[in-house]
Amino acid sequence: MLGLKLPTDPRWVNIVEKNIDEILIDHAYCEQKAASTAVSLIVSFPEYTDLVQEMIALVREEMGHFKMVHDRILDRGQVLGRDRKDLYVIELLKFFPKGGSRTTQLVHRLLYAALIEARSCERFRLLSEELQDKELAEFYHKLMISEAGHYTMFLKFARQYGDRQEVDQKWNDLLQYEATIMKNLGTTGSIHG
């Protein structure tokens, strides 16, 4: 369903289980960045009313997820700590050239967001199926469903605002590029790494 070209190695969950505190901190920042992305889309493209409406709802939802993850961090006697660089996103953002029309910029941002949500969904599915901590597994199952909805929403908007054939080609090319990034990731206790 997600179209990802390279699935995460299931052994990634073993790394996560040894670093639950680290993954929760990384996850909290991912939720925060997802909310920031939604705000940025509102600020950058206010004329797209249907997008703005969906992004308002997304900001609320992502900040709710941030709170849920942050609460788990505090329950474990940890603190949020400082943000870390997300190498996955840094590499992903190199794919599309800078510039272009406003529509092109919007479509690219929507495709990036769709792919990040798709990969998060795939990772959360693994966590929901493989974590020994059943309460945490159930938590990730609920978030997986949410991420799937976000992925499809962003992809739908990209196809709505851009030329469908061109968007689908860009999406496929981005998926291929992302697979090359993933070959070098999956060895750390982070959501995308």
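Numerical summary
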{"item": "Ranking by accessible area, most exposed first, for SER120, SER101 with a 1.4 Å probe", "result": "SER101, SER120"}
{"item": "Check: the stretch 1-137 dipole with +1 on Lys, Arg Cβ and -1 on Asp, Glu Cβ, in debye", "result": "520 debye"}
{"item": "10 Å beta-carbon shell around ARG119, net charge (K/R +1, D/E -1)", "result": "-3"}
{"item": "Flagged links, alpha-carbon separation over 24 Å, of LYS134/LYS183; LYS5/LYS67; LYS18/LYS94; LYS98/LYS156; LYS5/LYS156", "result": "LYS134/LYS183; LYS5/LYS67; LYS18/LYS94"}
{"item": "Residues in the stretch 157-193 reached by a label modelled at ILE90 [backbone nitrogen below 19 Å; 7 Å Cα→Cβ]", "result": "178-193"}
{"item": "Estimated FRET transfer efficiency (LYS67, ASN14; beta-carbon r; R0 30 Å; 0.05)", "result": "0.60"}
{"item": "Candidate values (i) 15.6, 46; (ii) 18.6, 66; (iii) 16.4, 50, label of the one derived for Rg and Dmax of the Cα atoms in Å", "result": "(iii)"}
{"item": "Listed peptides 145-153, 71-79 by packing density, highest first (mean Cβ within 10 Å)", "result": "145-153, 71-79"}
{"item": "Sequence-separation-based contact order of the stretch 103-171, relative, with Cα cut under 8 Å and 6+ spacing, percent", "result": "44 percent"}
{"item": "Principal-axis tilt of helix 134-161 within the chain, Cα atoms, nearest 10 degrees", "result": "10 degrees"}
{"item": "Rounded tilt (10° steps) of 102-130 against the dominant C-alpha axis of the chain", "result": "20 degrees"}
{"item": "Signed unit charges on C-beta, dipole axis of the stretch 1-70, positive-most listed residue LEU24, MET63, PRO7", "result": "PRO7"}
{"item": "Radius 14 Å from Cβ of ILE145, net charge of other residues (Lys, Arg +1; Asp, Glu -1)", "result": "-3"}
{"item": "Degrees, to the nearest 10: 20-44 long Cα axis against longest axis of the chain", "result": "20 degrees"}
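The values are calculated or read from the model by the stated rules, or taken from the named source; none is laboratory data. None of the values given here were measured: they were computed from a predicted structure. Cβ atoms come from the backbone with ideal geometry, glycine included; neighbour counts cover every protein chain shown. Note: accessible area is taken over every heavy atom of the protein model, side chains too, but ligands, DNA and RNA are not part of it. Shrake-Rupley method; radii C 1.70, N 1.55, O 1.52, S 1.80 Å.
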